[in-house]
Amino acid sequence: MPRSSFSVTMETITIGKNSGIVWEGLPFNEELRKATVSSSLSPTSGLISISDLSTSCIDDRKLVMINGQRVLQIAKGVGLMPRATGSATYRLTDGRTIETLTGTLGLPVTQGMTSSGHSISNPISYNANRQHWCLPPLMEARTFFYDPNYVRTVRITGTWVMVANGEQESTPNIPVPPMYAGTYSSSISGDMSINILPDLITLRISTLVCTIATTTNVNFGGVQRNTQVGSELARLSYPLAVACSQDTDRIDANINVQFRPASGLYNATPTRLALTQGGGYITGEIDNGVTGSGACNATTGIPFNNTPLKVGNIRSTEATKITNSQLTWRLCSGGSSLPLGPVDASTEMLVTFN
């Protein structure tokens, strides 16, 4: 049975005039289970897919290039794309061999690999069709490939991303189309999909432009090794300033910062950014009550899972606004697995509005 990680009845996504990734959110986490029904494999019947259709992978002709990314255009200069990972387990037509397919869809790239060593890239081309955000287990057709009676399992997890090129125009209430996580078969009765971006979501484009000023390369320097779990190895603090301006069509908006764990989460804990080398983690803390304590043995600091953290607001009567905070980073020990030598971690920071 499919399961949904969120429920949305109505939501407005607000973006400004910045370029690049201007918003990320609405996480999804789905599991789809169904027999393929047909033994045939068609490359454009994606085993793992994210699409604007509930019945097939998205047509590559619907996507445009915005700021270097293939996106579904929502408005002038603005596009939507997933940042997702997927996995699938299926059995071959011999009735014995079970294979897996894993990959990514959307950001940073759509590509996959099977346990038997087949590499999958996009767009998928077959019979004059070109489709994207689509991962079949092979990039060629096979009459006999699947065990049609085996119940395949597909998992798709990720978030939605808005990408802009700076040419977007101030517009309220732009409808965002529903989107689906799907797994498809050569037989329609083997298809399965679930809505992962429901109806009643709209996009609002404002003239807001915000920039962040803070230290982006934090160097703790040499620290003494301590293998006590949760011990603080080093601490550094820096100013965090967010400067915003808006021209005509001014709006009231909360100003948020979001953090994404480029180096991953430590032990799946949202407030602990994993070291690339493992064995330890970084915590963050923003003052003025934006977050709780970022102490190494606490879990109340910055969540590195795209949660919006309100650092201020701007009124429709205000043309400019600067919010000032203090950002504190801590280097923390994970215990005996703490590595020797240089370590590093990375996170991406984004300004968003609501």
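The values are calculated or read from the model by the stated rules, or taken from the named source; none is laboratory data. Model, not experiment: these values are computed from the prediction. Here Cβ is always computed from backbone atoms with ideal geometry, including for glycine, and neighbour counts include all displayed protein chains. Side chains included, ligands, DNA and RNA excluded: accessible areas come from the protein's heavy atoms. Shrake-Rupley method; radii C 1.70, N 1.55, O 1.52, S 1.80 Å.
One chain, two ends: Val64 and Arg225. Fully extended at 0.36 nm per residue, the span grows by 53.0 nm beyond their Cα-Cα distance.
Which value, in Å², gives the accessible area per residue of the stretch 209-353 when a 1.4 Å probe is used on the protein heavy atoms?
Heavy-atom accessible area per residue stands at 48 Å².
Cross-link reach is defined here as a Cα-Cα straight distance under 19 Å, omitting same-chain residues fewer than 8 places apart; for Lys76 the lysines meeting it are Lys17, Lys62. Here the contact order of the stretch 18-90, divided by its residue count and restricted to Cα pairs under 8 Å and six or more residues apart, works out to 19 percent. Note on Gln73 and Asn127: their simple-model spin labels are 2.9 nm apart, each label 7 Å out from Cα toward Cβ.
Note on Lys34: aspartates and glutamates with a C-alpha under 19 Å away, same-chain residues under 8 apart excluded, are Asp94, Glu99, Asp147, Asp191. Both radii were evaluated on the Cα set of the chain; the Rg over Rh quotient, with Rh as the Kirkwood radius, amounts to 1.02.
Ranking Val154, Ser193, Thr89 by how far each Cα lies toward the positive end of the dipole of the stretch 11-205 (charges on Cβ) leaves Thr89 at the top. In this simple spin-label approximation, Asn297 and Thr153 carry label points 7 Å from Cα along the Cα→Cβ vector, and these lie 3.8 nm apart.
With r as the distance between the Cβ atoms of Asp252 and Val109 and R0 = 45 Å, compute the FRET efficiency 1/(1 + (r/R0)^6) and round to 0.05.
Computed FRET efficiency for Val109 and Asp252: 0.75.
Near the amide H of Met179, within less than 5 Å, lie the amide hydrogens of Ile196, Leu197, all on another chain or at least 5 residues away, with H placed in the peptide plane. Thr320 contributes an accessible area of around 90 Å² to the protein surface, as traced by a 1.4 Å probe with all chains present. Packing here is the average count of other Cβ atoms within 10 Å per residue, and on that basis the peptides 211-217, 64-70, highest first, run 64-70, 211-217. Counting heavy atoms of the protein chains alone, Arg142 has an accessible area of about 90 Å² for a 1.4 Å probe.
Projecting the Cα atoms of Leu350, Ala213, Pro339 onto the charge dipole of the stretch 209-353, computed from C-beta unit charges around the Cα centre, puts Pro339 farthest toward the positive end. Taken over the Cα atoms of the stretch 107-166, the convex hull encloses 132 Å³ per residue. Listed by chain and number, the aspartates and glutamates placed with their C-alpha closer than 20 angstrom to that of Lys321 are Asp247, Asp249, Asp252, Asp287; residues fewer than eight positions away on the same chain are left out.
FRET efficiency for Asn173 and Asn195, Cβ-Cβ distance as r, R0 = 25 Å, nearest 0.05? Here the calculated transfer efficiency is 0.75. Roll a 1.4 angstrom probe over the protein heavy atoms and tell me the percent of accessible area of the stretch 52-142 that is carbon or sulfur. With neighbouring chains kept in place, the figure for the stretch 52-142 is 48 percent.
Taking all protein chains as they are arranged and a probe of 1.4 Å, the heavy atoms of His118 leave approximately 80 Å² accessible to solvent. Remark: relative contact order (the chain) = 21 percent; criterion is Cα-Cα distance under 8 angstrom and separation of 6 or more residues.
Once the piece of chain linking Asn29 and Leu340 is laid out straight, how much longer is it, given 0.36 nm per residue of separation minus the C-alpha distance between them?
Working it through step by step, the gained length comes to 108.4 nm.
For Tyr266, the residues whose amide H sits under 5 Å from its own are Arg272, Leu273, Ala274, ignoring neighbours fewer than 5 places away on the same chain, with H placed 1.01 Å from N. Taken one residue at a time, the phi angles of the stretch 302-317 give Karplus couplings (6.51, -1.76, 1.60, θ = phi - 60°) of 4, x, 8, 9, 6, 5, x, 10, 6, 10, x, 8, 9, 9, 5, 8 Hz. Gly and Pro are set to x. Given 0.36 nm per residue, what is the gain on full extension from Phe144 to Arg315 after removing their alpha carbon distance, in nm? Full-extension gain reported as 55.3 nm.
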